[in-house]
1. Within segment 56-77, does at least one residue satisfy the condition of being out of contact with any helix residue (DSSP H, G or I) (no Cβ under 8 Å at 6 or more places or on another chain), within 11 Å of the ligand (Cβ to nearest atom) and under 20 Å from residue 16 (Cα atoms)?
2. Just give me the residues in segment 196-223 being modelled with pLDDT under 95 and farther than 13 Å from residue 21 by Cβ, in sequence order.
3. Quick check on segment 21-45: of everything there that is part of a helix (DSSP H, G or I) and more than 15 Å from the ligand (Cβ to nearest atom), which residue is surrounded by the most Cβ atoms within 10 Å (Cβ to Cβ)?
4. Taking segment 221-233 on its own, how many of its residues are within 13 Å of residue 127 (Cβ to Cβ) and not in a helix (DSSP H, G or I)?
Ligand SMILES: N[C@@H](CCC(=O)N[C@@H](CS)C(=O)NCC(=O)O)C(=O)O
């Protein structure tokens, strides 16, 4: 088989971006990082919108896609599944085991990510502190951590062996402090988090372009206008 050419990773160091840098490191796939400075509006360039029409990173372009042709993928869950299928790693082929992983991956994509994103917004970024919104999202975040903690009570990882579901969830759970949570109240999550964050590939994935994180200054009115004022037109 011809050698895999580098996958282009359109990326900024945020929880959704980390999922893919971690996965690429775990799989040992070659990749080139293309920074998408979301505070400056790189997500709106025509070239990026062609591969990610929702104007959000991460996205990838695999020059060696199915049939040897390039393929682009957006949405971090779809990218994790694609890379898992491509490599046969961290995404089981057996249908029963795969359904298990898919459920927890979708739990992250549909709940644990979007709700925690709102928690970050209202706790940290909103110009006014709206008690109702802070309480609602912090409570929902707390409920979700409770679900995760119960799931991890009798198993090491969320869905069978260490998988793309763990990678998706850990990328958000590592920020529990800014979500107003006490990790000691979730001892199973704490143990799982420590285990996964100790993996060298996870540490390498989290380190990718880490210095760029400080470049998204969400107190800067220009960045806030790019990220928080979006409408259809
Ligand atoms: N559901 C998407 C969410 C991606 C997402 O929210 N990306 C954010 C950064 S974490 C982004 O690119 N924001 C730019 C914008 O909203 O304009 C995924 O999981 O890939």
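The values are calculated or read from the model by the stated rules, or taken from the named source; none is laboratory data. Predicted, not measured: the structure shown is a model, and the values here were computed from it. Quick reminder, even Gly has a Cβ in these numbers, built from the backbone with ideal geometry, and neighbours come from all protein chains shown.
1. no
2. 214, 215, 216, 217, 218, 219, 220, 221, 222, 223
3. Result: 26.
4. So the answer is 1.
Conditions tested, residue by residue: (1) within 22 Å of residue 229 (Cβ to Cβ); (2) in contact with a helix residue (DSSP H, G or I) (Cβ under 6 Å, 6 or more places away or on another chain); (3) within 16 Å of the ligand (Cβ to nearest atom); (4) assigned by TED's automatic domain parsing to the domain that holds residue 142.
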position	(1), (2), (3), (4)
82	no, no, yes, no
85	no, no, no, no
106	no, no, yes, yes
114	yes, no, yes, yes
118	yes, yes, yes, yes
128	yes, no, no, yes
